[in-house]
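Q: Would you mind keeping the following structure in view while I ask a few things?
The values are calculated or read from the model by the stated rules, or taken from the named source; none is laboratory data. On a predicted model such as this, the values are computed, not experimentally measured, just so you know. Cβ coordinates were reconstructed from backbone atoms using ideal geometry, including for glycine residues, and neighbour counts include every protein chain displayed.
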Amino acid sequence: MDIIAGAVFEHDYPFVRDTYQEHDEDGTHNIGTWRPGVRWEMTMPDSGEACADGVGKQRLTVIGTYKPGRFPERIFYVRTWIDPRGKEFGNTKLRITTKQAFMALAKGYRHEFRLEDSEVAA
């Protein structure tokens, strides 16, 4: 796989429902939102299962690549998310990893998870 500046890799990613507290002049309010990842639920007798409430997207945008001499090639990229309702968000800080690690990341979510039967709207 050739990874070049400007390439965009997008794949499905599990999301769970979450809440955050917003403070204003009327007090504190709990606001529903989506968080990338899974939650672990206990199963019988001593095990757990990864569960998600919806499926969104993870978008990786390649900024550039660099091969420092005899060391592994590095990929510079930014990561953003698209929640199950289609809202894009994320901190666009520059991230750096090896080409091998980036290729694994670009393949999609690495673990099995169960999608809960629930409506997608938060």
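Q: Can you give me the number of residues within the stretch 21-77 that are within 30 Å of Leu94 (Cβ to Cβ) and of a type in the set (Gly, Ala, Ser)?
A: The qualifying residues number 7.
Q: Working only within the stretch 20-37, note down all residues that are out of contact with any Lys or Arg (no Cβ under 7 Å at 6 or more places or on another chain) and closer than 27 Å to Val78 by Cβ.
A: Tyr20, Glu22, Ile31, Thr33, Arg35, Pro36, Gly37
Q: If you don't mind, another one. All but one of (1) touching a Gly at 6+ places or on another chain (Cβ under 7 Å); (2) β-branched (Val, Ile, Thr); (3) more than 20 Å from Arg110 (Cβ to Cβ) hold for Ile82; state the number of the condition that does not hold.
A: (3)
Q: Answer with yes or no whether Arg70 is free of Cβ contacts under 8 Å to residues at least 12 places away in the same chain, among the basic types (Lys, Arg), more than 21 Å from Thr19 (Cβ to Cβ) and in contact with a helix residue (DSSP H, G or I) (Cβ under 9 Å, 6 or more places away or on another chain).
A: In short, no.
Per-residue answers, yes or no, for (1) within 17 Å of Phe113 (Cα to Cα); (2) under 12 Å from the mean Cα position of the chain (by Cα); (3) modelled with pLDDT of 95 or more; (4) polar (S, T, N, Q):
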position	(1), (2), (3), (4)
Ile31	no, no, no, no
Val38	yes, yes, no, no
Glu41	yes, no, no, no
Cys51	yes, no, no, no
Leu60	no, yes, yes, no
Lys67	no, no, no, no
Asn91	no, yes, no, yes
Thr98	no, no, yes, yes
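Each row is one residue, and each column tells you yes or no for (1) in contact with a Cys (Cβ under 6 Å, 6 or more places away or on another chain); (2) within 22 Å of His111 (Cβ to Cβ); (3) among the small types (Gly, Ala, Ser).
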residue	(1), (2), (3)
Ser47	no, yes, yes
Ala50	no, yes, yes
Lys87	no, no, no
Asn91	no, no, no
Arg95	no, yes, no
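Q: Also, quick follow-up: Between a residue in the stretch 22-38 that is within 23 Å of Arg85 (Cβ to Cβ) and touching a residue at least 24 places away in the same chain (Cβ under 8 Å) and any residue that is small (Gly, Ala, Ser) and not in a strand (DSSP E or B), which pairs come within a Cβ distance under 8 Å, given they are 6 or more apart or on different chains?
A: Filtered contacts from the stretch 22-38: Gly32/Ala122; Thr33/Ala122; Trp34/Ala122.
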